[in-house]
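Take this structure first; my questions come after.
The values are calculated or read from the model by the stated rules, or taken from the named source; none is laboratory data. Source: prediction; values computed, not measured. Here the Cβ is made from the backbone with ideal geometry for all residues, glycine too, and neighbour counts use every protein chain on show.
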Amino acid sequence: MPPPSHITDIAPPQALTPIAASGFAQGALRFGVISFASHFLLNRYTPLYRGLTVQFKVFIQISAMTLGGCIFAERAVGEFNEGVRRRRRALARSERAWEEERELREMVERRHQEADKMQTPGRGD
């Protein structure tokens, strides 16, 4: 689904491509190992699978690897995005806490100044 027409200049973060590529490679490797093990088992015990052409068997292997790569790439990108959101929320909470502390310090400082002003004229009389 394309972005809304009022949103322009959409570009993924620079760090996202290597993360997606790494996730794709991990998924392709994992699903590739499983599909190769399945291939050897099916080739040994199933006459129907043995009757398939080499091209179709390769297609099945590549399809499994591509599926695994897509699943793991999507998961890696999702984890990256969630990490970015968590860090931003933590920074926002920290910023709010520091802002509240600054406001409290200013309020205490004003009260001290007001108290000093009230005491200062009484001393001079």
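Criterion first (farther than 26 Å from V84 by Cβ and free of Cβ contacts under 8 Å to residues at least 24 places away in the same chain) does A37 satisfy it?
The answer is yes for A37.
Mind checking whether some residue in the stretch 26-36 is under 36 Å from the mean Cα position of the chain (by Cα), over 27 Å from A15 (Cβ atoms) and not β-branched (V, I, T)? Steps first, answer last, please.
First, the residues of the stretch 26-36 that are under 36 Å from the mean Cα position of the chain (by Cα): 26-36.
So of that shortlist, the ones also over 27 Å from A15 (Cβ atoms) come out as 33-36.
Still in the list and also not β-branched (V, I, T): 35-36.
Checked against the condition, which is being under 36 Å from the mean Cα position of the chain (by Cα), over 27 Å from A15 (Cβ atoms) and not β-branched (V, I, T), the stretch 26-36 yields at least one hit.
Could you please give the count of residues in the stretch 6-36 that are in a loop (DSSP other than H, G, I, E, B) and among the charged types (D, E, K, R)?
Going through the stretch 6-36 one residue at a time, the tally reaches 1.
Just checking, which of L67, L91 is at pLDDT below 95 and aliphatic (A, V, I, L, M)?
L91
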